[in-house]
Amino acid sequence: MTALLEVRDIEKSFGGVRAVCGVSFDVREGEILGVIGPNGSGKSTLFNCILGQLVPDRGTVRVNGRNVTALRPSRLNRLGVSRTFQLLQVFPELTARENLILAGQEHRGSRLARLFGARDAGMGAEADRMLDFFRLRRLEDEKAGSLSYGQQKLLDAAMAFMSGSRLVLLDEPAGGVNLTMLADLRERLEAINRETGVTFVVIEHNMEFVMALCSRLIVLAEGRIIAEGPPAEVRRDPAVIEAYLGH
Amino acid sequence: MSTSTSLLIGLLLLVLLALAPVDLNDFGVPYPGLRRYGTYILTLWLVTAIAAMGVNLIVGYAGQETLAQAAFVGIGAYLTAIVTKAGVPFGVAFAASGLLTFVIGIALGFPALRVQKHYLAFVTLAFTVLCWLVFRNEQWITGGVMGIRDIERPTFLGWPLRNHIRFYWFVLAITAIMTFVLWWIVRSPWGRAFTALRENPLRAESLGIDVRLYTLLTFALGSAYGGMAGSLYAPLVEFIDPSPFALGPSLLFMLMVVIGGSGTFLGPFVGAGIAVLLPEWLRAWETWYLLIYAVLVMVMMAFFPGGIVGLLSRLVARKARS
Amino acid sequence: MTDFLQLLISGLATGAIYALAAIGFTLLWQTSQTINFAQGEFVMVPAFLALIAMRWFGVPFVASLVLAILASMLLLGVAFRYIIVGPLIRRGVLPLVISTIALSILLKESVKDFYSAEAQTFPTLLPDTLITVAGVSVSLAQLGVLAVALVTIVLLQWFLAGTRTGRQMQATAQNPTVARILGVPVERMILYTFLINAALAAMASLLVSPIYLAKFSNGETLGLIAFVAAIVGGFNQVRGAIAGGLLIGVLDNLAAAYVSTAYRQAIPLILLVLVILFRPQGLLGRKEERAV
């Protein structure tokens, strides 16, 4: 079986600093892969190279066998790859429902049809489904900026699923979320993975969250992969312990 | 506001505006109607508002800066003046003005938007100066500083529009159509995409919104509104020369939209009203008017960056809450 | 060939003046995200400050020049920083852009209404005596302009690269957030940038006015040239603005001689278009990461 996401020999330097040096890994359909590593290990740079936000100096990224290296983020998204950002990124002036519709609208029909067609661009039903799924229904007409931090974080995550993407990359989904909300978020993500088979790649600092959510981990340190395997195994890996304690 | 109420209010305003130059004493209403000059000023306001709507689309909705709107108005005005004098019907000239400025908008915006924010401002600034040089220097086609005189007002379906009231109605009808078109665009999913790319282009891009394409479209569309406004301006004033299309007026277009309230639907109308009426009111102080205007803009930016419409809607919202 | 050399030297002289205006513009943009659309007027106004000192108050010429520079630093530096940029920068970039556009109109109209709408002659420090070396004749005034502008630029470069304050300013320009973390007094550095910009603009004003006369509307062309020089040279550094200014000065003089005077003004604009099309990071600029 071919991998859904294939990352090969990605390298990226800033000035003289090599942030990512030759990272390769595969992501299989339906798995939840965690990417961990100490601060400055190159996780975010790697993510941005995969997602077309940065252009890698070397290496290739393939999605479903198709070369997508350095493709612009909007093109990549329309090929079925969604993401969230480390910092919260909802549109505060739009309502929760509008945010969801926005996240899906570019994926249905032509641009011209969107100009002349319905205001919800045919995404209304899907938005309602997502509101129910993430339990945000009663807040649908609130401006996203007026929601609590945790609710915004849920909305942010929900937006990644509006386009029907098969691959979703989450950049620190648990950052700053309180404990009850955290359990909620994890449980919702697991449910989506189980019910629809969407594949996840998750960057996370919260070890407990990652260990519980992910089926497989890769560990980065100084721009290289130093360990790879199921959470229980990685936890015991001496190289990983060394990398974390060394910093 | 719901769709039907906004449409209703728009229709009501349209009727009131249509009646503005009419003597209503015959109908038992003690209103003498606007005179010739008043009607002219009102028509000038509508034409200015069309161009300002274009600027608002670029500045208020797409979050870019354009300093070329007067140049686009100039292109529309010169094109219309030249081709209608050669016998081309006004309708064709009007459409050609819109199309030409749209295409120029694409050609200017495409390279500028590749680079970084604010490059569009510099490119449009340069373009305005370049256009002005062409208007002034190419006497064989533009008449140079002597300009083009005796531009005829068109005939609409066999109905001559020489009369100032008829021409006003004609411009009012076109303004209404163009306002409706813009209203339709900003409430369609396109408008939602505009909001997204203005507020957070990085996130918008990650949601599949082609930020560069949408920005380019708004710029080209906004510029085309300038070109079409110019096409109406030429037969309104019946004489054009390079001065109203220089850099100064281009800057004023930008300022009037921000004063009215950029990103609000009514902002351009309010801003254009002030820009057209203020010099009339301050006629006694003629030379001071730009000075006063500049200070007004700076004070507004410091205290009410939402412009007049933004300020009013905040006051209304506060009233409603208390 | 001698014609060409003469044009080259006079081009370098005006180009050095443009460079002064462009450097200030670049520094301001980088250090404080202030895109000063009134930069051209900043170069127009100081000459009038000197004229006011001379003609209204009878101050001697050289003293008026010094006064004009000091007054510019106060008005176009400190007052601009605290009255206009200070309150507006928090409101975002657009209100600030709009305000500097309004400021450009305000300055232009003020000079026109309070001083004169006519072009004013402006005295030079050095006489227009021609010096001929190997068949190439240049005026002493031109050489003086070139010398003063180049010395200013060299001093500025030395200040930015060779002093602690200068390096702190550069750090602020490159990344204010990191500079703050490293303990650079960012606020003070920003104020210095405004002062330097005002002083450079004043220098440019006093050097350019004897050549092109002082007129309220001069800012339009000068501002445009400053923007273009900054973009053409490359926005990441001061030497880009210097190169851009010199290049435009030379092209401008060559164009006036060999092409038509009617389209002389178009030369920098065409240069801008070419650069944006083929080398958007500028001639000396480094490529930055994708904007979106």
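Around the amide H of C:Ser139, modelled in the peptide plane, lie the amide H atoms of C:Ile131, all under 5 Å away and 5 or more residues distant in sequence or on another chain.
Put simply, the amide H of A:Gly22, placed in the peptide plane, has neighbours under 5 Å in A:Ile10, A:Glu11, A:Lys12, leaving out anything fewer than 5 places away on its chain. Taken along its three principal axes, the alpha carbon spread of the range A:91-159 comes to 36, 22, 17 Å, from the longest extent down to the shortest.
Protection proxy ranking for B:119-132, A:160-173, using the average of other Cβ atoms within 10 Å per residue and placing the highest first: B:119-132, A:160-173.
Projecting label points 7 angstrom from Cα along Cα→Cβ for B:Trp159 and B:Phe239 puts them 3.0 nm apart. For the options B:Ile165, B:Ile177, B:Ile151, a Gaussian network treatment of chain B with springs between C-alpha atoms closer than 10 Å singles out B:Ile177 as fluctuating the most.
Relative protection proxy for B:69-80, C:241-252, from highest mean packing down: B:69-80, C:241-252 (other beta-carbon atoms within 10 angstrom).
The alpha-carbon positions of the range C:2-278 define a convex hull whose volume is 138 Å³ per residue. Per-residue ellipticity at 222 nm from helix content only, as computed over chain B with -39500 (n - 2.57) for each DSSP H run of at least four residues, stands at -24000 deg cm²/dmol. For the segment B:121-133, counting C-beta atoms of other chains within 10 Å of every residue's C-beta and taking the mean gives 5. Equivalent ellipsoid of the range B:260-322: semi-axes from √(5λ) of the C-alpha gyration tensor, largest first, are 25, 12, 10 Å. Rounded to the nearest 20 debye, the dipole magnitude of chain B is 660 debye, with +1 charges on Lys and Arg beta carbons, -1 on Asp and Glu beta carbons, and the Cα centre as origin. Sorting the segments B:258-269, C:80-91 by their residues' average number of neighbouring beta-carbon atoms within 10 angstrom, most packed first, yields B:258-269, C:80-91.
Computed over chain B, the P(r) tail beyond 28 angstrom holds 42 percent of alpha carbon pairs.
Taking the Cβ of C:Lys112 as the center, what net charge do the other residues with Cβ under 15 Å away carry, scoring Lys and Arg +1 and Asp and Glu -1? With Lys, Arg at +1 and Asp, Glu at -1, the net is -4.
With Cα atoms as the point set, chain A shows a radius of gyration and Dmax of 18.2, 60 Å.
FRET efficiency for the pair B:Leu277 and A:Glu29, taken as 1/(1 + (r/R0)^6) with r the Cβ-Cβ distance and R0 = 45 Å, rounds to 0.10.
Counted over the protein assembly as shown with a bin width of 10 Å, the fraction of Cα pairs per bin, in whole percents, is 2, 11, 19, 22, 19, 15, 8, 3, 1, 0.
Can you classify the range C:185-284 as rounded, prolate or oblate using the Cα gyration tensor, where a ≥ b ≥ c are the square roots of its eigenvalues, rounded means a/c under 1.5, and otherwise it's prolate if a/b beats b/c and oblate if not? It comes out oblate by the Cα gyration axes. Within 10 Å of the Cβ of each residue in C:87-99, the mean number of Cβ atoms contributed by other protein chains is 6.
Look at the alpha carbon pairs under 8 Å that are at least 6 residues apart: their mean separation over the length of chain C gives a relative contact order of 36 percent.
Beta bridges from DSSP with both residues in chain A: antiparallel share about 55 percent, rounded to the nearest 5. Over every Cα atom in the range A:100-247, the radius of gyration and the widest Cα-Cα span, Dmax, amount to 18.3, 60 Å. For the range B:149-268, the fraction of C-alpha pairs farther apart than 17 angstrom is 68 percent.
Remark: mean inter-chain Cβ contacts per residue of B:291-304 equal 6, using a 10 Å Cβ-Cβ cutoff to other protein chain atoms.
Highest GNM mean-square fluctuation among C:Thr132, C:Thr34, C:Thr121, for chain C modelled with Cα contacts below 10 Å: C:Thr132. Karplus-based coupling profile of the range C:223-230, in residue order and whole Hz: x, 4, 5, 4, 4, 4, 4, 5, with θ = phi - 60° in 6.51 cos²θ - 1.76 cosθ + 1.60 and x standing for Gly or Pro. Dividing the C-alpha radius of gyration of the range C:35-138 by 2.2 N^0.38 Å, with N its residue count, gives 1.38.
Each value in this text was obtained by applying a stated rule to the coordinates, not by laboratory testing. Values in this document were obtained by computation on a predicted structure and should not be read as measured data. Here the Cβ is made from the backbone with ideal geometry for all residues, glycine too, and neighbour counts use every protein chain on show.
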